[in-house]
Structures are given as structure tokens and as C-alpha cells.
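Following: one structure in C-alpha cells, then a few remarks.
Derivation of every value follows stated rules applied to the coordinates shown; laboratory data play no part. Owing to the predicted nature of the structure, the values given are computational and were not obtained by experimental measurement. Reconstructed Cβ throughout: ideal geometry from the backbone, glycine too, with neighbour counts over all protein chains shown.
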Amino acid sequence: MHFTRAGVCCGAPLVALSQGIVNDLETQLDSDAVQERLDTAVNYISADMTEYARQLKLEWSARHVRLDVRKLTVFADTDEGPQPLLRIGSGKNWLGYHLVAHLALHRFLTLHQRSVPRMLMLDQITGPFYPSDLAKESGSSSHIRSDKDRTTVHGMFELMHEWVADLAPNFQLIISDHANLPDQWYQDCVRYNWRNGEALIPQEWIDEHQLPE
């Protein structure tokens, strides 16, 4: 009998606590609140995308660049109206806009401590700028045909270098690429130079595990 009464007395605070938890969860699930949080996040990411795109001097970056989460693509707002990624110039522009979108997204996720791995690997991002096998083998920017393209490649790596430094030590960016720039800050970041017979998979490993004919 006493146990039952005690249970009744303790029940009221427990109900109030439970109702408070339910109210908090309902607030988090409120569609308007969710949309406001999403809009804020997209605006934050789009502001960084615009800054990066202007730093790289990408086409259509003069006004505003934004991420459209419904269509999962990039838009550039212009005086003629919004321009989707498919209409924004050449493959070099597409490459640039993909890069700035990745950097802006990961910066937001890292600074806001979201549960996403703090690592990004990019492979051969300068491929469009190194058209010949000789250029790819050397990686020297002198083998890039135009001054504009050389400036773009340098700017891409400079942007990524500054971006990583801004997030250090909370993010790791790994790049596998043809480029081999002479700048000291670039050379300080090089861990492996897979040229002149050296490769990700050493030849001796291949020889050791080669199947008999």
C-alpha cells in the first residue's frame, strides 16, 4: 500500500519530465524549424562556395554561388537568372565548382562537429590541364599550355592549402595528382612522388605475387 502511494507521488515529476522531453523532440521535428535550420546551413555553405569560386575566378561567380539541396547541384545566380552547373561553361569550370562545393560542405560539417569523417581524398583533379603524357609524367606547370590554366592550377592548390590550414588539425585532405608545383609550401606537403618507376603499388610486390605462366 505504501509502495503504491509512493509511486503515485513520484509519478507527477516523472510525467512532467517526460512531457518536457516530448516537447523538445516535437520542436526538433517541427517542419518549419527543420527548414529554417536547413536554410541557415545552406546559406552558410553557399557563402563559402561564393568566396572560393571568386578566388578561383570561375565563370558566373561574380554574383552568388549556391548549393541546391533539392536538385543536388550548384547554381550561380546571374543578372540573366539562375544558371545550373550543366550550363556553366567547360569541364574546367565543372571541376572548379565541384571542388568549391566539397570544400564548403566539409568546412561546415567540421566546424559544426557533425558526425562525418574528417577526411577527403581527391584524385587527378588537374587532369583537364595536363593533356599530354609528357605533361602528366613531369607534373610541371610549365607543361600546361596557357598562362590562364597555369594560374588556375596554382590557385586550386593554394586554396586547398589555405583551407586545410584553417581547419588544422581537425581535417585531412589527401590529393593524388599529376601536378608537381615548385612552390615550397607545395613541396612541404608532398609525401610520395610516384614517378620514374615508383608507384602506389611497388613493382617488387607485383613481381613477388605474379602468377606463373
Would you list which aspartates and glutamates come within 17 Å of K148, measuring only between C-alpha atoms, while excluding same-chain residues fewer than 8 positions from it? E59, E158
In degrees, nearest 10, the alpha-carbon axis of helix 2-29 is tilted away from the dominant principal axis of the alpha carbons of the chain by 40
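Scan segment 71-122 for trypsin sites (Lys or Arg not before Pro) in coil per DSSP, keeping those whose Cβ has at most 16 other Cβ atoms within 10 Å, and list them by number.
Of the trypsin sites (Lys or Arg not before Pro), the ones in loops of segment 71-122 whose Cβ has at most 16 other Cβ atoms within 10 Å are K71, R114, R118.
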If you take every DSSP beta bridge fully contained in the chain, what fraction is antiparallel? Give it as a percent rounded to 5. 65
So if the hydrodynamic radius of the chain is defined as the Kirkwood radius over C-alpha pairs, what does Stokes-Einstein give as its diffusion coefficient at 25 °C and 0.890 mPa s, in µm² per second? 116
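Taking chymotrypsin sites (Phe, Trp or Tyr not before Pro) as candidate sites, keep only those in a DSSP loop with at most 16 other Cβ atoms within 10 Å, then name the longest stretch of the chain containing none of them. Don't skip to the end; give the middle numbers.
Numbers: sites that count: Y192, W194.
Between the exposed loop sites, the longest stretch runs 1-191.
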Taking the Cα-to-Cβ direction at A33 and at D147 and moving 7 Å from each Cα, how far apart do the two end points lie in nm? 5.7
Summed side-chain charge close to V74 - residues other than V74 whose Cβ falls under 10 Å, Lys, Arg +1, Asp, Glu -1: +1
Projected onto the charge dipole of the chain (+1 at Lys/Arg Cβ, -1 at Asp/Glu Cβ, origin at the Cα centre), which of W163, V65, H178 gives the Cα projection farthest towards the positive end? V65
Can you tell me what the convex hull of the Cα atoms of segment 34-115 projects to on average, as an area in nm²? 5.6
Calculated FRET value between Q210 and V116, using beta carbons and R₀ = 45 Å, to 0.05: 0.65
Between E162 and L25, what is the spin-label point distance in nm, taking each point 7 Å from the Cα along the Cα→C-beta axis? 4.6
Between R54 and N180, how high is the FRET efficiency from 1/(1 + (r/R0)^6) when r is the Cβ-Cβ distance and R₀ = 25 Å? Nearest 0.05. 0.40
Show that you can apply the helix-only estimate: for the chain, add -39,500 (n - 2.57) for every DSSP H stretch of four or more residues, divide by all residues, and state [θ] at 222 nm to the nearest 500. -17000 deg cm²/dmol
What is the set of long-range amide H partners of W60 at a cut-off below 5 Å, with H atoms built 1.01 Å from backbone N? none
